[in-house]
Amino acid sequence: MINVLEIQAPTVEWMPLLPLLLVFGGAVVGVLFEAFAPRSTRYVLQTGLSILVLLGAGAAVLFQMADLEPQTIAMGLLSHDGPTLIFWSLLILFSLGGVALFAERGVGDGQSAFASSASAVPGSPLEREAVRLRREHTEVFPLLLFSLLGMMLFASANDLITLFVALEVMSLPLYLLSAMARRRRLLSQEAGLKYFLLGSLASGFFLYGIAMLYGYSGGLTLTDVAAAIDAGADNYWLLLLGLVLLAVGLLFKMGAVPFHSWVPDVYMGAPTPVTGFMAIATKTAAIAALMRVFYVGLGGASWDWQPLLAVIAIVSMILGAVVGLSQNDLKRLLAYSAITHAGFLLVGIVGAVEPGEGVTVSSVGAVAFYLLTYGVATLGAFGLLLTVRRSGGEANGIVAWRGLGKTNPVVAAVMTLFFLSFAGIPLTAGFVGKLAVFSSAFQGGFGWLVLVAVILSVVAAFFYLKIVVAMWFQDAEDDSDTVVVTPSLWTWTVVLVGVLATIVLGLLPGGMIELMNNFSEFIR
C-alpha cells in the first residue's frame, strides 16, 4: 500500500517559466475574447492583447538573461540555460513581426489576408455573406500564440515526451492557419491539408524515434540518453535507428532535403502573413530543438550524426539553389530559398563547436545570429509582398515586379536590400551570418563542407539577382495593371525594422555575436 504521506508535491520554478505562462495565458484569454467579446471589438482586443503579451514575455526573458542560473526546471522536463533564452528571444521577436503582418488591414480592399469564414465552402453563399459583412477572422491571433508556446517548449525541452507534445502544440495551429487564405481558397486549403498529412507522418517517425531511444537508454531525458551512450549501453542499433527517426521529424520542420516537399506548396498556398511567420519561427524552433537533442543527448554519438547532417546540408543547398533558379513565383522562390538556407544552417550545426578559449564563434552563437539576420529579412520581404498587387490580389509573379524600380523605387530598393542579404553580399547582415556559420564549421574540422557551401552560395545568389534585374533593368509589360499599395503602420514597422537590422548587423555585428556567444552553452 502506498503511504500518502510519502508522496511529495512536484516542485515548479515559476519565475523561469514566466515567459511561457504569459504566452499561454494570452492565448487562453484570446480564446475567451472570441467566445464572448462583440465581433466589432475583437480585432482591437486581439491585436492589443497579443502585442502586450509578447512584450511582457520579451521583457521577462531579458530580465532572466541579466541574472541567469542554468538549471533544469519543471521536474527536469525543461532546460533553462543560455540557448533557451537566446532562442526564446528570437521566437518572441519573430512573433511580434508575425502579429504585425496578421494585423495588416491597409492593403487591397481594406480586409485582412484571412478568410472571413474559413469553414465555408469556397464560393458558397455562406462565404459571400461573410465577405459582404466584412467579418474579421481574429482567432488567428490566439492560434499564433499557441503555436509560439509550442515553439518555446520545443526549444527548451529536456525530455523526449515533452519534445513531442511541444511539436504538436507548435504544429496544429499552423496547419489551420495555412488553410485560411481569403483569396485562392482552394489552393490554401490544399496547402493546409498537405502540411497536415505530411506533418502527421513526420510526427509518427519522431515518436517512433523516441521509442527507440527509450529502448536504448531506459530513460526519456536527454541526460539519460547521453549517460547510456557514455556507458556504452548494448543494442547500439537502437540508438542509430532512434537518431535517424528523430532527425526525420526535426529536419521536416526545418524544410531540409529530403523532407522539403511540403515547403513550396505550403509557402505558396498559405496566407502571406502566415508564410512569413512560419518561414522563420518554425525553422528557429526546429533548429533549437535539433541542436539541443544532438549536442546534449546525442553528443557522444557525433561521429554517427555529423556525416549524416553534412550530406543533408549539401543536398539541401544544391536542390534549393538549382531548382530556385527556375521559379517564376516569388513565394515559391522564397520557399526554395528557405530550403537553401536550411542547408547553410546545417553547415553551422555540423561543426558542433563549443564556446571556450580560442573559439571565435560557437556553433550555437553562429546559428542564432544567422537566424536573426535571415529572420528580419524574411519578415520584411513577405511584408513587401503584401504591398505589390495585381487584379485586386497579391502579385507574386516575377513578371509583375518588372520595372518596379522605375515606378516605385522605394519598394524596389528595400526588396533589393533583403535579397542581397539572402545572397550573402558583403556589408549586409546575411553576409556576416554566413561568415559566422562557415567559421564555426571550419573550426569544427569541416573545411571541405565550408568550401562546398561557399560555391553553392554563389550559385544561389543568381536567383536573387534575377529578381533584382527584373525590378531595375527590365520594363513592365504594356498592359500591366500592377500597383503598389501603401500599407498601414503595421507592415511598415516590420519592413523598417528589417531594413535597419539588415544594415546595422551587417556593419556592426560584433556586439550581437558576442552576446549570443555568451549565452551559447547548453546545460547537461
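The values are calculated or read from the model by the stated rules, or taken from the named source; none is laboratory data. Since this is a predicted model, take the numbers as computed values, not measurements. So basically every Cβ, Gly included, is an ideal-geometry build from the backbone, and we count neighbours across all protein chains shown.
For segment 165-196, how many residues meet the condition of being within 17 Å of Met75 (Cα to Cα) and either buried (at least 19 other Cβ atoms within 10 Å of the Cβ) or within 17 Å of the chain's Cα centre (by Cα) (or both)? Let's see the steps before the verdict.
Keep residues of segment 165-196 that are within 17 Å of Met75 (Cα to Cα), which gives 165-166.
So of that shortlist, the ones also either buried (at least 19 other Cβ atoms within 10 Å of the Cβ) or within 17 Å of the chain's Cα centre (by Cα) (or both) come out as 166.
Final tally of qualifying residues: 1.
Quick one: which residue in Val61, Val31 is touching a Pro at 6+ places or on another chain (Cβ under 7 Å), hydrophobic (A, V, I, L, M, F, W, C), farther than 29 Å from Gly380 by Cβ and in a helix (DSSP H, G or I)? Full working, then the answer.
Values: Val61 fails: farther than 29 Å from Gly380 by Cβ.
Val31 is the lone residue from the list that is touching a Pro at 6+ places or on another chain (Cβ under 7 Å), hydrophobic (A, V, I, L, M, F, W, C), farther than 29 Å from Gly380 by Cβ and in a helix (DSSP H, G or I).
Out of everything in segment 384-437 that is among the hydroxyl-bearing types (Ser, Thr, Tyr) and assigned to a helix (DSSP H, G or I), what residue ends up being farthest from the chain's Cα centre (by Cα)? Can you show your working first?
Going through segment 384-437, the residues among the hydroxyl-bearing types (Ser, Thr, Tyr) turn out to be 387, 391, 407, 416, 421, 428.
Subset that is assigned to a helix (DSSP H, G or I): 407, 416, 421.
Working: Thr407: 33, Thr416: 22, Ser421: 17 Å.
Across segment 384-437, the extreme among qualifying residues is Thr407.
For Pro10, indicate whether it is outside any helix (DSSP H, G or I) and at pLDDT 90 or above.
Working: outside any helix (DSSP H, G or I): yes; at pLDDT 90 or above: no.
So Pro10 fails the test.
Only one of these is in contact (Cβ under 8 Å) with a residue 60 or more places away in the chain and of a type outside the set (Lys, Arg): Gly48, Gly30. Name it.
Working: Gly48 fails: in contact (Cβ under 8 Å) with a residue 60 or more places away in the chain.
Answer to the check: Gly30.
Only one residue in Glu477, Glu521 is closer than 26 Å to Ser362 by Cα and in contact with a helix residue (DSSP H, G or I) (Cβ under 9 Å, 6 or more places away or on another chain). Which one? Break it down into steps so the answer makes sense when it comes.
Working: Glu477 fails: closer than 26 Å to Ser362 by Cα.
Result: Glu521 is the single residue among Glu477, Glu521 that is closer than 26 Å to Ser362 by Cα and in contact with a helix residue (DSSP H, G or I) (Cβ under 9 Å, 6 or more places away or on another chain).
Considering every residue within segment 256-273, establish whether at least one is of a type in the set (D, E, K, R), closer than 27 Å to Ala179 by Cα and part of a helix (DSSP H, G or I).
Filtering segment 256-273 for residues of a type in the set (D, E, K, R) gives 265.
If we keep only those that are closer than 27 Å to Ala179 by Cα too, we end up with 265.
Pick out the ones that are also part of a helix (DSSP H, G or I) and you get 265.
Yes; the residues of segment 256-273 include at least one that is of a type in the set (D, E, K, R), closer than 27 Å to Ala179 by Cα and part of a helix (DSSP H, G or I).
I'd like the full set of residues that are buried (at least 21 other Cβ atoms within 10 Å of the Cβ), over 15 Å from Val350 (Cβ atoms) and aliphatic (A, V, I, L, M), limited to segment 429-446.
Within segment 429-446, Ala429, Val432 meet the criteria.
What number of residues within segment 332-371 satisfy the criterion of being on the phi < 0 side of the Ramachandran plot, buried (at least 19 other Cβ atoms within 10 Å of the Cβ) and either among the hydrophobic types (A, V, I, L, M, F, W, C) or modelled with pLDDT under 90 (or both)?
Total meeting the criteria: 23.
Pull out all pairs, ordered by first then second residue, where Cβ-Cβ is under 7 Å, the residues are six or more apart or on different chains, the first lies in segment 435-449 and is within 19 Å of Phe422 (Cβ to Cβ), and the second is of a type outside the set (Ser, Thr, Tyr) and outside any helix (DSSP H, G or I).
Ala436/Val361
When residues of segment 44-82 are filtered for being closer than 16 Å to Ile287 by Cα and modelled with pLDDT of 95 or more, how many remain?
Of the residues in segment 44-82, 0 are closer than 16 Å to Ile287 by Cα and modelled with pLDDT of 95 or more.
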